[in-house]
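All remarks here apply to the structure that follows.
The values are calculated or read from the model by the stated rules, or taken from the named source; none is laboratory data. As the structure is a computational prediction, the values presented were derived from the model and not from experiment. Positions of Cβ are generated from backbone atoms using ideal geometry, with glycine treated the same way; all protein chains shown enter the neighbour counts.
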Amino acid sequence: MSTITAAITAVGAYVPDFVLSNEVLEQMVDTNDEWITTRTGIKERRLLKESGKGTSFLAIKAAQNLLEKNNIDPLEIDLIIMATATPDMPVASTGVYVASQIGAVNAFAFDLSAACSSFLYGMSTAAAYIQSGSYKKVMLSGADKMSSIIDYTDRATCIIFGDGAGAVLFEPNTEGLGLQDEFLRSDGIGREYLKIDAGGSILPASKDTVENGQHFVFQDGKTVFKYAVSGMADVSEKIMQRNNLTHDDINWLVAHQANRRIIDATAQRMGLDESKVLINIQRYGNTTSATLPLLLSDFEHQLKKGDNLIFAAFGGGFTWGAIYLKWAYNKQ
Ligand code: UT7
């Protein structure tokens, strides 16, 4: 009997219509387009402005896009993993609501949270369910409404993040395509440098926490940047070495879109030509759990069956890692 591998067989995505450009940010905080572009690579990001709509709204749209584009019956889905750092609410799983809303009533669902590495860790989890042999169609959704936790008077964070969603379908493959290897890491040292202080069990919401702005993302950008550059490059190099891959063997780097300079440093360490590096940070900023599936969606037509993809991410916690995956289809 041939070994089962877990392949990505379909992709979907959604970003809200509202565009927040660098030029508009210049009117909101003390910043400028030149600084943002050279330091991050970001030109604009999308925001979900309608009140009463949360991360599930984005995730449902992305899931529906995947189902419709590929003519997939939601009743066939066995499991939905919802990768997110901004669930609709602290209790009551966002993934469960998404599953019901898209008609995946035969699926069970849960949320997975690992800051900007949520989707990468989710790929590992989804693949493990497929490789177990018990599940045939696993949808991995990555969605974040980052605008719900960003202080738009803080220039250190508001220029970076955006809202968006993507989804992929994992299915069993017997041709050896799909996930080949993974190297996932975490280190609690990162907790101080990228966090939301209040609203959790240590510091529940109160009048004071709201007045002190403690429900917004705090980031010590310089420190996170330092760890991200070495962390993402280290794991990408490691996964190449242990799979005997040279830069010639790799077709695409699919890296978390947090900062163009972090992505370039990773590509450089891997010896990759710029043409192999998927980039869309200029259009969406850092959408946290959505960056990797948004890349797959934007570049789906360029990915060819058998291509070697290296996924890499770094995020709060700290959490980071790399995944080696062989692409499984050609999009017509
Ligand atoms: O996805 C999760 C993981 N997160 C990341 O990977 C993000 C990692 N960090 C970064 O991407 C970068 O650190 C930032 C983009 C957040 C900041 O870039 P930086 O090159 O590290 O800037 P910095 O914080 O060292 O600040 C440099 C200067 C400072 O001024 P002085 O002290 O040199 O006079 C800042 O006050 O730039 C100033 N500055 C700004 N200027 C204009 C900081 N933010 C801004 C701004 N506009 N928005």
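Table for the structure above
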item	result
Pairs with Cβ under 8 Å, 6+ apart, first in the stretch 255-268 and in contact (Cβ under 8 Å) with a residue 12 or more places away in the chain, second charged (D, E, K, R) and within 8 Å of the ligand (Cβ to nearest atom)	Asn259/Arg39; Arg261/Arg39
Residues of the stretch 195-228 that turn out to be hydroxyl-bearing (Ser, Thr, Tyr) and within 16 Å of the ligand (Cβ to nearest atom), as a count	2
Residue count for the stretch 283-332, restricted to those that are in contact with a Gly (Cβ under 6 Å, 6 or more places away or on another chain) and in a helix (DSSP H, G or I)	6
The one condition in (1) in a helix (DSSP H, G or I); (2) within 23 Å of Lys43 (Cβ to Cβ) that Gln257 fails to fulfil	(1)
Residue check, Tyr324 more than 16 Å from the ligand (Cβ to nearest atom) and either among the basic types (Lys, Arg) or in contact with an Asp or Glu (Cβ under 6 Å, 6 or more places away or on another chain) (or both)	yes
Total residues in the stretch 269-282, condition free of Cβ contacts under 8 Å to residues at least 40 places away in the same chain and assigned to a helix (DSSP H, G or I)	4
Filter result (touching a residue at least 40 places away in the same chain (Cβ under 8 Å) and surrounded by fewer than 18 Cβ atoms within 10 Å (Cβ to Cβ)) within the stretch 100-123	Gln101
Index of the failed condition, Leu120 passing every other in (1) within 16 Å of the ligand (Cβ to nearest atom); (2) in a loop (DSSP other than H, G, I, E, B); (3) touching a Ser or Thr at 6+ places or on another chain (Cβ under 9 Å)	(2)
Residue in the stretch 304-312 that is within 16 Å of the ligand (Cβ to nearest atom), crowded, with 18+ Cβ neighbours inside 10 Å and not assigned by TED's automatic domain parsing to the domain that holds Ala143 present	yes
Considering residues of the stretch 237-268 that are charged (D, E, K, R) and within 16 Å of the ligand (Cβ to nearest atom) only, the residue surrounded by the fewest Cβ atoms within 10 Å (Cβ to Cβ)	Arg261
Matching entry among Val29, Val98, Val24, Val105 (being in contact with a Cys (Cβ under 8 Å, 6 or more places away or on another chain) and not assigned by TED's automatic domain parsing to the domain that holds Ile281)	Val29
Filtered residue count, the stretch 17-42, keeping only those that are outside any loop (DSSP other than H, G, I, E, B) and either within 10 Å of the ligand (Cβ to nearest atom) or more than 22 Å from the chain's Cα centre (by Cα) (or both)	14
Some residue of the stretch 43-62 being part of a loop (DSSP other than H, G, I, E, B) and under 21 Å from Leu295 (Cα atoms)	yes
Selection within the stretch 24-54 - more than 12 Å from Gly285 (Cβ to Cβ) and of a type in the set (A, V, I, L, M, F, W, C)	Val24, Met28, Val29, Trp35, Leu48
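Every residue, every condition in (1) of a type outside the set (Val, Ile, Thr); (2) buried (at least 20 other Cβ atoms within 10 Å of the Cβ); (3) under 24 Å from Leu67 (Cβ atoms), yes or no:
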site	(1), (2), (3)
Asn280	yes, no, yes
Thr288	no, yes, yes
Leu292	yes, yes, yes
Leu295	yes, yes, yes
Glu300	yes, no, yes
Gly315	yes, yes, no
Phe318	yes, yes, no
Gly321	yes, yes, no
Trp327	yes, yes, yes
